[in-house]
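Accompanying notes for the structure given below.
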Amino acid sequence: MPDSHAHVAHVAHDAADIRGAARSLLRAIGLTFGPHWQAIRLWLDRAGLAIGGALLTLCYLHHYARSPVRPSGLVAGQGWWDWYDQSKTLEAVLALRAGDLSAAHQWYPPLYAICGALGAAVSGHHPFLLVNLAGLLASFLLSVAILDALGLSRLTAIILFVAVTVLDSSILDAWVVPWNTVLSIPLELLGLLSALRMLQGDRQRRWPFALGLAIGLLPAL
């Protein structure tokens with residue numbers, strides 16, 4: 001138990017440091033913009049999620065289009081479809097699109113491949129283009145909600161997530177390339193947010209439901 005208390009205290013201390021740094025940054029920005037900063041900040045708090053989501057979408061699509069390993073179609077051995085995990089995912093997607101539900105073509109839990117088969121109906125030769133984008137945007141919204149629940153301002157949380165994601169090409173690579181973990185990330189974040197809200201005393205029924213949903217769907221990925 002002492003180790004557990006020490007860990008909690010350490011996490012709380014780190015969170016306080018982050019909040020302090022965020023407040024210092026906002027004060028510096030406030031001094032720069034003078035009396036207009038409060039109005040700007042209020043507008044950003046209201047429109048921040050939409051702006052952040054739009055920026056993430058544009059950066060994701062740009063990175064997807066420029067990826068040197070992006071295949072031009074649903075062709076085995078082309079681009080990332082030549083990688084082992086992705087080749088098996090492609091095999092599952094093609095089988096599902098053909099109506100073949102046999103286990104012979106399903107190497108992994110089926111949920112991600114099912115999403116890809118559905119995505120192919122919309123985005124054609126790029127079955128996971130919209131699926132992965134949805135995973136990214138869901139993770140963005142859930143991360144902001146978690147940081148907000150921990151006491152960080154929404155604006156700061158939005159800036160942190162967007163900056164960390166778009167300024168590191170390796171992170172964008174992880175969202176662009178088909179991986180089962182692309183959808184497991186938002187499910188894990190949903191479970192974390194739900195547990196956090198319940199621990200904070202929120203009695204709304206949606207949180208136990210969301211926690212159960214996240215835990216229930218994770219094995220399918």
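Here are a few things to note about the model shown:
- Verdict on residue 183 being within 25 Å of residue 94 (Cβ to Cβ) and under 10 Å from the mean Cα position of the chain (by Cα): yes
- Tally of residues being over 11 Å from residue 56 (Cβ atoms) and either among the small types (Gly, Ala, Ser) or buried (at least 21 other Cβ atoms within 10 Å of the Cβ) (or both) across the stretch 164-177: 4
- Test: residue in the stretch 124-131 that is at pLDDT 95 or above, out of contact with any helix residue (DSSP H, G or I) (no Cβ under 6 Å at 6 or more places or on another chain) and either under 30 Å from residue 192 (Cβ atoms) or part of a helix (DSSP H, G or I) (or both): no
- Residue match in the stretch 32-45 (condition: in contact (Cβ under 8 Å) with a residue 12 or more places away in the chain and of a type in the set (Phe, Trp, Tyr)): no
- Counting only helices (runs of 4 or more DSSP H) that sit wholly inside the stretch 146-221, those with at least 2 residues that are among the β-branched types (Val, Ile, Thr) are 154-166, 169-176, 181-199.
- Hits in the stretch 147-156 - residues which are crowded, with 17+ Cβ neighbours inside 10 Å and farther than 12 Å from residue 44 by Cβ: 147, 152
- Residue 92 meets all of the listed conditions (1) surrounded by fewer than 18 Cβ atoms within 10 Å (Cβ to Cβ); (2) over 18 Å from the mean Cα position of the chain (by Cα) but one, namely (1).
- Options 167, 211, 218: the member that is more than 29 Å from residue 64 (Cα to Cα) and either touching a Lys or Arg at 6+ places or on another chain (Cβ under 9 Å) or modelled with pLDDT under 95 (or both): 211
- Checklist (1) farther than 16 Å from residue 120 by Cβ; (2) at pLDDT 85 or above; (3) out of contact with any helix residue (DSSP H, G or I) (no Cβ under 6 Å at 6 or more places or on another chain); (4) not hydroxyl-bearing (Ser, Thr, Tyr) applied to residue 69, failing item: (3)
- Residue within the stretch 78-91 that is closer than 21 Å to residue 134 by Cβ and assigned to a loop (DSSP other than H, G, I, E, B) present: no
- Filtering 211, 137, 183 for residues that are buried (at least 16 other Cβ atoms within 10 Å of the Cβ), in contact with a Gly (Cβ under 9 Å, 6 or more places away or on another chain) and without any contact (Cβ under 8 Å) to a residue 24 or more places away in the chain leaves a single hit, 211.
- Residues satisfying the stated conditions in the stretch 113-134, i.e. in contact (Cβ under 8 Å) with a residue 24 or more places away in the chain and within 19 Å of residue 217 (Cα to Cα): 113, 115, 116, 117, 128, 131, 132, 133
The values are calculated or read from the model by the stated rules, or taken from the named source; none is laboratory data. Small disclaimer: the values here were computed from a predicted structure and weren't measured. Because the Cβ atoms are built from the backbone with ideal geometry, glycine has one as well, and the counts that use them run over all protein chains shown.
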